[in-house]
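Colleague: Here it is, the structure, as structure tokens.
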Amino acid sequence: VFVKQETLENPVLGTKWSDNNNFSFTDSYDGYNSCVISLEFTTSSKCHLSWIDEYYDGGFGDGEEYTIIEEGDYSYTAAGNSITISASHSNNPDSIEVTLSSDGSKLVFENNPYSEMVKGQALTKIK
């Protein structure tokens, strides 16, 4: 018996995502960066995001933490599997573009916000 078919207009609403401390990259100054990213889509137009990098300068092993995206609530738009978050870094606007994987388990970065080299890396769904 066919009851009803619905198309989800916003497939990320109510979901939470993390990088599970798996994001890392070497920047143009040969510094090694390890990210801590937390993202939750709380309403149909707002998400809660924080993004901190642990930066290592490539020789001395001393880590320095710095904020890429200040923790806060940001607006976003979802069109199909493409999501664009309007965030900010040091009060400067920053756009983050991600794509939801076909199985709904990953958000893949389509751009490099604030010059962080994360394009192609993905957040994992944790809720």
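Colleague: Distance in nm between label sites at Asn91 and Thr43, each 7 Å beyond Cα in the beta-carbon direction?
Modeller: Using points 7 Å along Cα→Cβ, the separation is 2.5 nm.
Colleague: Report the residues of region 88-114 in range of a label on Thr124: point 7 Å along Cα→C-beta, backbone N strictly under 17 Å from it.
Modeller: 101-109
Colleague: Between Asn20 and Asn81, what length comes free when the chain is fully extended (0.36 nm per residue of separation minus the Cα-Cα distance, one decimal in nm)?
Modeller: Numbers: separation 61, 0.36 × 61 = 21.96 nm, distance 2.18 nm.
That pair, Asn20 and Asn81, stretches by 19.8 nm at full extension.
Colleague: Using a 7 Å offset from the Cα along the Cα-to-Cβ direction at both Asn10 and Asp73, what is the distance between the two label points in nm, to one decimal?
Modeller: 1.2 nm
Read the figures in this text as sums done on the coordinates, not as results from a lab. Keep in mind it's a predicted model, so treat the numbers as computed, not measured. Methodologically, a virtual Cβ is constructed for each residue, glycine included, from the backbone with ideal geometry; neighbour enumeration extends over all protein chains shown.
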